[in-house]
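The next block holds one structure in the form of structure tokens; read it before the comments.
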Amino acid sequence: MAINTNTVRADIFKEFYKVIKDNITTPNVVVTNALVDDIKKMPQVVIDAPSISHKREGFGNKYYDRSGDFEINIYATKMKDVVELVDDVENAIFSNLGSLSVQNLSIDDSDIMHFQSGGQFVHSITLPMTFTFKR
């Protein structure tokens, strides 16, 4: 998929959404752009909208000499499921880099978070990501 300067955020989101949705092996995962606050809809992978820098990363007049960042949030009712799903998501992304219009992709981990939903604990890990556009 080509990245269009007018729809850059949506294009990057769609690429990551497709790669994750089509390539994770964990069954019954909801992949979405916002947390579905329903314990029956766990586990979930929530892909946030990318933030795109307006600072050029290189010389030239191409819009694609720019960088961006976004987060992917992983939610599940069992810690084991969160940890396994994080590995699954990372593997799906790095095994399919050729399908993405980004390069220099960096993924980090956040601390593990916990909250209650419907009287049950939900565990989550955030994967902050940075990238530059592929030339």
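Hey, rough spin-label estimate for Asn104 and Gln120, points 7 angstrom out along Cα→Cβ, what's it come to in nanometres?
For Asn104 paired with Gln120, the spin-label model returns 4.3 nm.
What are the ³J(HN,Hα) couplings of the stretch 85-90, residue after residue, when phi is run through the Karplus curve with 6.51, -1.76, 1.60 and θ = phi - 60°? Round to Hz, x for glycine and proline.
Going residue by residue, I get 6, 4, 4, 5, 5, 4 Hz, with x marking Gly and Pro.
Tell me, what ³J(HN,Hα) does each residue in the stretch 46-52 have, in order and in whole Hz, if you take phi through Karplus 6.51 cos²θ - 1.76 cosθ + 1.60 with θ = phi - 60° and put x for Gly and Pro?
For the stretch 46-52, the Karplus curve yields 10, 9, 7, 5, x, 10, 10 Hz.
Per residue of the chain, what 222 nm ellipticity follows from adding -39500 (n - 2.57) for every DSSP H run with n ≥ 4, rounded to the nearest 500?
Result for the chain: -8000 deg cm²/dmol, rounded to the nearest 500.
Helix 8-23 against the longest principal axis of the chain: what's the angle in degrees, Cα atoms only, rounded to the nearest 10?
Tilt relative to the chain: about 50 degrees.
For Leu35 and Phe94 in one chain, what is 0.36 nm times their gap in residues minus the Cα-Cα distance, to one decimal in nm?
18.9 nm
Quote the charge dipole size of the stretch 8-133 about the Cα centre in Debye, to the nearest 20; the model charges only the Cβ of Lys and Arg (+1) and of Asp and Glu (-1).
Dipole of the stretch 8-133, to the nearest 20 debye: 380 debye.
I'd like to know how the chain sits against the 2.2 N^0.38 Å rule of thumb: what's its Cα Rg over that expected value?
1.10
Pairs Lys14/Lys78; Lys14/Lys80; Lys41/Lys78: which are spaced more than 19 Å apart, C-alpha to C-alpha?
Pairs exceeding 19 Å: Lys14/Lys78; Lys14/Lys80.
Gap in Å between the Cα centre of the stretch 81-108 and the Cα centre of the stretch 3-47?
If we compute the Cα centre of each part, the gap is 12 Å.
Say the dipole of the chain comes from +1 at the beta carbon of Lys and Arg and -1 at that of Asp and Glu; which of Ala34, Ser110, Thr7 then lies farthest toward its positive end?
Thr7
Here, each number is a calculation from the coordinates, and none is a lab measurement. Only a predicted model underlies this, so the values are computations on that prediction, with no experimental measurement involved. Note: ideal-geometry Cβ built from the backbone for every residue, glycine included; neighbour counts use all protein chains shown.
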